[in-house]
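Any read-out appearing in this document is the output of simple, stated calculations on the displayed coordinates, not a laboratory observation. Because the structure is predicted, anything quoted here is derived from the model rather than measured. Reconstructed Cβ throughout: ideal geometry from the backbone, glycine too, with neighbour counts over all protein chains shown.
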Amino acid sequence: MEHTQNQIFEATKPLNTGKLMTPEENAPETTPDGHYLVINGRKWRASNPWIPPKLHQELVDELMSARRAVKEGKADARKRVNDAKVALGERGQPWWEDPEPKALSDRTAAAIRALLSKRAGTSICPSDVARIVSGPENSWRGYVNQVRQITAEMAAQGEVVATQKGKPVEADRVRGPIRINLSNPEK
């Protein structure tokens, strides 16, 4: 499948014509509903367009870094690729459908792992994850409690640690702002 991703890159990069291309000229063809990119006659699920641009770029950067790690044969690289693609909405339940609880939980956990990997050595805010998994109505605040619940579940498995003012806390029980950290930064 990795060679297919390279074909996607080759098909979508601009030709060197000496002129600057507008985003419309450089953008791959999409289906009328915008759910899929059409590249060389093959459909590929598009990223969720409702992810804020800064967070979308971070997830794309993590995806590209993870793909390079796959080529280098690094451990967990394929898991990182999957996490970034699920967080972007390119895998898992389609982003345009009403989310099933399990699919939303999986996407939330993938977004947490992808952002922590991208921002190695730093913590993340649950609101960033909520902004990634929420819909188009800027309803991310309604997802913060779910992000905290998923964080608590991941903490119980030893994957992350929720902190408040630098001290570990139970993400789903404490009031006030928290941060999400890797439980073992060396991983």
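Does region 122-178 classify as rounded, prolate or oblate by the C-alpha gyration tensor (a ≥ b ≥ c root eigenvalues; a/c under 1.5 gives rounded; else a/b over b/c gives prolate, otherwise oblate)?
The shape class here is prolate.
Do any of Lys102/Lys165; Lys54/Lys85; Lys43/Lys79; Lys79/Lys102; Lys74/Lys118; Lys71/Lys118 go past 20 Å between their Cα atoms, and which?
Numbers: Lys102/Lys165 31 Å; Lys54/Lys85 16 Å; Lys43/Lys79 23 Å; Lys79/Lys102 18 Å; Lys74/Lys118 16 Å; Lys71/Lys118 18 Å.
Listed pairs above 20 Å: Lys102/Lys165; Lys43/Lys79.
Residues with amide H under 5 Å of Ile39's amide H, sequence separation 5 or more or different chain, H placed in the peptide plane at 1.01 Å from N; which?
Trp44
So, in nm, how far is label Lys167 from label Arg68 when the simple model puts each one 7 Å beyond its Cα toward the Cβ?
4.0
With an 8 Å Cα cut-off and a minimum separation of 6 or more residues, compute the relative contact order for region 113-187 in percent. The partial results should precede the final answer.
Values: 93 pairs, mean separation 23.5, N = 75.
Computed over region 113-187, the figure is 31 percent.
Gln157 to Glu137: extension gain in nm, 0.36 nm per residue of separation minus the Cα-Cα distance?
4.0 nm
Which shape class applies to region 43-187: rounded if a/c is under 1.5, otherwise prolate when a/b exceeds b/c and oblate if not, where a ≥ b ≥ c are the square roots of the Cα gyration tensor eigenvalues?
oblate
I'd like the distance between the alpha-carbon centres of region 57-104 and region 128-187, rounded to an integer number of Å.
18
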